[in-house]
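Chemist: Let me begin by handing over the structure; questions about it come next.
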Amino acid sequence: MSDVLVKTLTEEQRSLFPKYIRNWISYSISTSRTNKEFTEELINKIYVNRGLNKPKEFEYFDSPFAIVKKYHIENWNMSASFCYSNHEAWLVFYDYFMNECKLWGCAAIEPFIKLAGDGGCGWWIPTEETCFISHRPTSVCVNSNGMLHNETGPAIEYADGFKVYALYGVRVKKEEVTNVSN
């Protein structure tokens with residue numbers, strides 16, 4: 001990878017960016033089950049790259065809500081840890097520039113890119129001893145513009161029953177979706 005400053009993109013490089021956006025939209029609405037071996041390998045890399053010991057345990061949950069519930073039940077200090085998700089808006093940027101412009105500075109983010117990509121996981125919360133990981137949703141509904149949207153039910157649903165309702169990309173209460181469909 002290069003340490004050269006990129007001032008402009010070639011026409012070919014510009015033409016490839018929409019492909020990255022399409023890929024990352026598909027990752028963001030993926031309902032594929034977490035590949036545990038792949039996920040744990042990448043999370044271990046992230047810990048080591050940050051100068052930390054690998055977590056002693058990986059605990060899997062069916063939704064991010066279940067992780068938060070676990071924290072509240074056990075009175076853990078959430079401010080002492082970090083919470084990560086699939087933030088496609090910035091990951092697509094780094095994925096593109098790392099691969100198409102060969103920017104070496106993006107390499108440190110590569111495990112995050114792979115973790116959020118195909119075969120990775122949903123939300124995850126790393127702590128010193130344990131890494132809590134949420135599986136991806138079982139159902140995701142989007143409109144033709146790729147925004148979370150379902151007028152008749154949840155836009156996102158997880159295996160444990162946790163649901164998120166959304167219309168035109170905006171999170172709403174369940175009752176607002178019910179009112180739209182009547």
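Chemist: If you scan the range 40-58, which residues turn out to be more than 16 Å from Arg136 (Cβ to Cβ), touching a residue at least 12 places away in the same chain (Cβ under 8 Å) and of a type in the set (D, E, K, R)?
Modeler: Scanning the range 40-58 gives Lys45, Lys56, Glu57.
Chemist: Which pairs turn up if I take residues in the range 144-158 that are at negative phi and look for partners that are of a type in the set (Asp, Glu) with beta carbon separation below 6 Å, at least 6 apart in sequence or on another chain?
Modeler: Tyr158/Asp62
Chemist: With respect to the numbered conditions (1) modelled with pLDDT of 90 or more; (2) within 29 Å of Phe132 (Cβ to Cβ); (3) in a helix (DSSP H, G or I), which one is the sole condition not fulfilled by Ser15?
Modeler: Exception for Ser15: condition (2).
Chemist: Considering only the range 110-128, I want to know if a residue exists there that is basic (Lys, Arg) and in the same structural domain as Asn35 (by TED's automatic domain parsing).
Modeler: The answer is yes, given that some residue of the range 110-128 is basic (Lys, Arg) and in the same structural domain as Asn35 (by TED's automatic domain parsing).
Chemist: Name the residues in the range 11-37 that are over 20 Å from Phe97 (Cβ atoms) and either basic (Lys, Arg) or touching a helix residue (DSSP H, G or I) at 6+ places or on another chain (Cβ under 8 Å) (or both), would you?
Modeler: Passing the criteria: Arg33, Lys36.
Chemist: On to the next question. Applying the selection to the range 134-157, what residues are of a type in the set (Val, Ile, Thr) and over 18 Å from Ile21 (Cα atoms)?
Modeler: Within the range 134-157, Thr138, Thr152, Ile156 qualify.
Chemist: Would you point out the residue of the range 47-66, among those that are surrounded by 13 or more Cβ atoms within 10 Å (Cβ to Cβ) and assigned to a helix (DSSP H, G or I), that is nearest to the chain's Cα centre (by Cα)?
Modeler: Pro64
The values are calculated or read from the model by the stated rules, or taken from the named source; none is laboratory data. Just so we're clear, the structure is a prediction, and the values are computed from it rather than from any experiment. Virtual Cβ from ideal backbone geometry, glycine too; neighbours counted across all protein chains shown.
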